[in-house]
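Worksheet: the structure to be examined is printed underneath.
The values are calculated or read from the model by the stated rules, or taken from the named source; none is laboratory data. Everything quoted here is computed from the prediction, not taken from an experiment. No Cβ is skipped: glycine too gets one built from the backbone with ideal geometry, and neighbour counts run over all protein chains shown. The accessibility values were calculated without ligands, DNA or RNA, using every heavy atom of the protein model including side chains. Shrake-Rupley method; radii C 1.70, N 1.55, O 1.52, S 1.80 Å.
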Amino acid sequence: MDLTDFGAGAQYIAGRWSRGIGAPFQVVNPADGSVVEEVALASTGQVDEAVAAARAALPEWAGATPGARSEALTRLAGVLTGAAADLARVETAQTGKPVKLSTEFDVPGTIDNTAFFAGAARNLEGRAAGEYSGDHTSYVRREAIGVVGSVSPWNYPLQMAAWKILPAVAAGNTVVLKPAELTPLTSLMFARACTLAGIPDGVVNVVTGDGRTAGEHLVSHPDVAMVSFTGSTAVGRRVAELATATVKRTHLELGGKAPFVVFDDADLDAAVHGAVAASLINGGQDCTAATRAYVQRPLYDAFVAGVAELYAAIRLGDPLDPRTDLGPLVSFTHRDRVAGFVERARGYATVVTGGGSPGKGHDGTDLTRGAYYRPTLITGAAQDSEVVQGEIFGPVLAVLPFDSDDEGLRLANDTPYGLAASAWTGNVHRSLRATREIAAGCVWVNDHIPIISEMPHGGYKSSGYGKDMSQYSLDEYTQVKHVMFDTTAVARKDWHRTVFGDR
Ligand code: NAD
């Protein structure tokens with residue numbers, strides 16, 4: 001099934017492609033600067049059109065049985081499976097991520113999520129109906145909220161689209177998604193797949209456009225009942241502000257600066273390999289990537305040496321080459337931003353390895369036309385320095401030593417973010433303490449990165465609130481109604497005297 005027939009344009013509204021009437025925009029392959037697709041962004045009028053389509057589709061979709069929605073999502077998983085190779089190829093072309101990651105993580109993860117929400121659609125939860133007051137029967141209804149306006153980032157465009165769309169539609173809502181302008185293509189393919197799976201027109205709409213125009217228009221739209229946003233903390237604040245004006249429910253998945261805490265009894269080899277994988281996944285453009293490793297003093301030197309050795313052996317190259325470990329970053333602008341962090345760090349810390357763009361790839365190919373950046377290891381940075389506190393979102397890891405367990409855990413918590421963290425130790429008491437005391441939405445023990453459809457993903461502190469994936473996410477896309485029936489058939493009820501008259 002071909003989902004790449006973008007045809008007349010880059011908007012997917014009411015089950016059809018339509019051409020954007022906003023500014024022209026080129027989706028660029030960061031591996032070589034070539035144009036993947038010329039699109040035209042949505043005008044604010046087209047955002048209105050998409051919201052109107054979602055609104056029109058709402059009564060039928062919200063009224064469909066959970067079983068019917070579940071079947072539609074099961075068919076969607078089938079369509080996505082049939083298009084898996086295309087999805088991986090397009091995801092790699094628009095982001096630069098290695099095709100082994102898009103093939104083995106992004107696409108199967110999305111299909112698994114779809115299958116999960118097909119099941120979850122039939123499992124809406126609430127308290128048991130009952131006579132809680134003695135004179136009444138109460139029950140709860142878990143209802144769709146309405147039109148959900150979703151805004152997603154560029155790092156995992158397909159998975160982010162899926163994380164936003166699936167729980168919303170499983171619960172009976174309809175959606176207008178605005179993907180990041182840099183990477184709209186697989187979100188559009190996902191919307192097309194929904195139509196091919198028989199999901200009614202208007203249930204899933206995608207408008208491509210920039211944040212200031214299409215994004216702001218969508219999140220402040222009076223007919224949008226809920227806003228679900230994944231992106232940076234700064235933009236999340238603005239989105240929350242705009243949504244507040246019309247008291248929309250908000251769901252904010254924001255930035256991260258994940259600590260990676262290695263205690264002195266940890267398996268050093270596991271910690272070193274874990275740190276390399278967790279810091280370089282998706283070129284470090286992952287909100288949960290390991291960014292700050294705190295290593296207890298006895299293991300510190302060996303850890304730094306081990307990571308530096310593996311970093312030096314990372315294969316940079318064409319992301320379509322299945323042997324490539326690290327492709328380019330998402331754009332030249334972003335690569336320059338990452339480089340800026342590292343250049344400034346040279347003034348106050350040591351760049352042990354990396355720092356800069358490679359001239360050639362692992363197989364000798366010229367990489368100078370791409371947005372590449374070498375894996376970069378930094379030591380000697382102070383806890384309050386920019387590389388330790390700021391979200392770099394690139395293949396850069398800072399390593400700091402600590403002495404006592406108290407100190408390690410304090411440093412791990414010492415940023416405004418709280419999305420994810422890991423603790424490395426063979427001691428059950430240490431690991432239990434770390435999982436209890438680290439303020440983050442996910443704490444791994446002796447691993448860092450794996451996610452799973454059944455378990456929630458979402459932040460603490462400035463990393464936002466709300467959960468993606470899992471039953472928790474489904475619950476967030478519903479509103480709970482209490483229904484109360486009188487069981488007495490008594491006209492003059494006893495409680496009336498608290499308002500008027502006597503017993
Ligand atoms: P970003 O905040 O720049 O943009 C995210 C989205 O918001 C894009 O679609 C953008 O067009 C839109 N946008 C920008 N300004 C807007 C505005 N004023 N109003 C409405 N929408 C607007 O983020 P990014 O650079 O695309 O992605 C990287 C960020 O996303 C990082 O901070 C990363 O940590 C975060 N992220 C978080 C999670 C999570 O689950 N917590 C997952 C992935 C990425």
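A count restricted to segment 92-102 and to residues that are within 22 Å of C194 (Cβ to Cβ) and surrounded by fewer than 22 Cβ atoms within 10 Å (Cβ to Cβ) stands at 0. Looking across segment 389-425, the residues that are in a helix (DSSP H, G or I) and either within 16 Å of the ligand (Cβ to nearest atom) or acidic (D, E) (or both) come down to Q389, D405, D406, E407.
When segment 94-110 is examined, which residues are found to be within 19 Å of P395 (Cα to Cα) and either in a helix (DSSP H, G or I) or of a type in the set (G, A, S) (or both)?
In the first step, residues of segment 94-110 are kept if they are within 19 Å of P395 (Cα to Cα); the result is 94-102, 105-106.
Once the filter is applied, which keeps residues that are within 19 Å of P395 (Cα to Cα) and either in a helix (DSSP H, G or I) or of a type in the set (G, A, S) (or both), segment 94-110 yields Q94, T95, G96, V99, K100, L101, S102, F105, D106.
So which of A234, A243, A270 ends up being open to solvent by less than 30 Å² (accessible area, probe 1.4 Å) and either at pLDDT 95 or above or part of a helix (DSSP H, G or I) (or both)? Please lay out each step first, then the result.
Values: A234 fails: open to solvent by less than 30 Å² (accessible area, probe 1.4 Å); A270 fails: open to solvent by less than 30 Å² (accessible area, probe 1.4 Å).
Residue meeting the stated conditions: A243.
Of the listed requirements (1) surrounded by 18 or more Cβ atoms within 10 Å (Cβ to Cβ); (2) part of a helix (DSSP H, G or I); (3) within 16 Å of the ligand (Cβ to nearest atom), R337 misses just one: (1). Against the conditions (1) within 15 Å of the ligand (Cβ to nearest atom); (2) surrounded by 21 or more Cβ atoms within 10 Å (Cβ to Cβ); (3) aliphatic (A, V, I, L, M); (4) farther than 13 Å from A258 by Cα, A434 satisfies every one except (1). Being in contact (Cβ under 8 Å) with a residue 24 or more places away in the chain, of a type in the set (V, I, T) and away from the ligand (no atom under 13 Å from the Cβ) is the filter here; which residues of segment 210-265 pass it? Residues satisfying the conditions are T246, V261, V262.
Working only within segment 217-258, note down all residues that are in contact with an Asp or Glu (Cβ under 7 Å, 6 or more places away or on another chain) and of a type in the set (D, E). The one that is in contact with an Asp or Glu (Cβ under 7 Å, 6 or more places away or on another chain) and of a type in the set (D, E): E253. Among the residues making up segment 33-51, those that are among the hydrophobic types (A, V, I, L, M, F, W, C) and open to solvent by less than 60 Å² (accessible area, probe 1.4 Å) are V36, V39, A40, L41, A42, V47, A50, V51. Among the residues of segment 277-299, those identified as of a type in the set (A, V, I, L, M), out of contact with any Asp or Glu (no Cβ under 8 Å at 6 or more places or on another chain) and buried (at least 22 other Cβ atoms within 10 Å of the Cβ) are A278, A289, A290, A293, V295. Of note, Y132 satisfies the criterion of being in a loop (DSSP other than H, G, I, E, B), over 19 Å from E60 (Cβ atoms) and away from the ligand (no atom under 16 Å from the Cβ). Against the list (1) surrounded by 22 or more Cβ atoms within 10 Å (Cβ to Cβ); (2) in contact with a Ser or Thr (Cβ under 6 Å, 6 or more places away or on another chain); (3) aliphatic (A, V, I, L, M), the condition V352 fails is (1).
When segment 111-129 is limited to residues that are over 14 Å from E476 (Cα atoms) and assigned to a loop (DSSP other than H, G, I, E, B), the one that is most open to solvent (accessible area, probe 1.4 Å) turns out to be R127. Search segment 451-491 for residues being under 22 Å from A225 (Cα atoms) and open to solvent by 70 Å² or more (accessible area, probe 1.4 Å), and hand back the single one that is nearest to the ligand (Cβ to nearest atom). Ranking the candidates gives Y465 first.
Is at least one residue of segment 201-224 farther than 24 Å from T250 by Cα and surrounded by fewer than 24 Cβ atoms within 10 Å (Cβ to Cβ)? Spell out the reasoning first.
The initial filter retains those residues of segment 201-224 that are farther than 24 Å from T250 by Cα, namely 201.
This time we only want the ones that are surrounded by fewer than 24 Cβ atoms within 10 Å (Cβ to Cβ), so: 201.
Within segment 201-224, one or more residues are farther than 24 Å from T250 by Cα and surrounded by fewer than 24 Cβ atoms within 10 Å (Cβ to Cβ).
Of all the listed residues (G441, G408), the sole one being in contact with a Lys or Arg (Cβ under 9 Å, 6 or more places away or on another chain) and of a type in the set (G, A, S) is G441.
Remark: pairs (first residue in segment 144-159, open to solvent by 10 Å² or more (accessible area, probe 1.4 Å); second residue in a strand (DSSP E or B) and near the ligand (Cβ under 9 Å from one of its atoms); Cβ separation under 7 Å; 6+ apart in sequence or on different chains) = V151/K178; V151/F229; P153/T230.
Could you list all residues from segment 179-209 that are within 12 Å of the ligand (Cβ to nearest atom) and of a type in the set (D, E)? Let's see the steps before the verdict.
So in segment 179-209, the residues within 12 Å of the ligand (Cβ to nearest atom) come out as 179-184, 187, 206-209.
Within segment 179-209, E181 is the sole residue that qualifies.
Scanning segment 1-35 for residues that are under 29 Å from R75 (Cα atoms), in a strand (DSSP E or B) and not aromatic (F, W, Y) turns up Q11, I13, R16, S18. Of the residues making up segment 362-384, those that are crowded, with 21+ Cβ neighbours inside 10 Å and among the small types (G, A, S) are G370, A371. Among the conditions (1) touching a Leu at 6+ places or on another chain (Cβ under 9 Å); (2) in a helix (DSSP H, G or I), R344 misses just one, which is (1).
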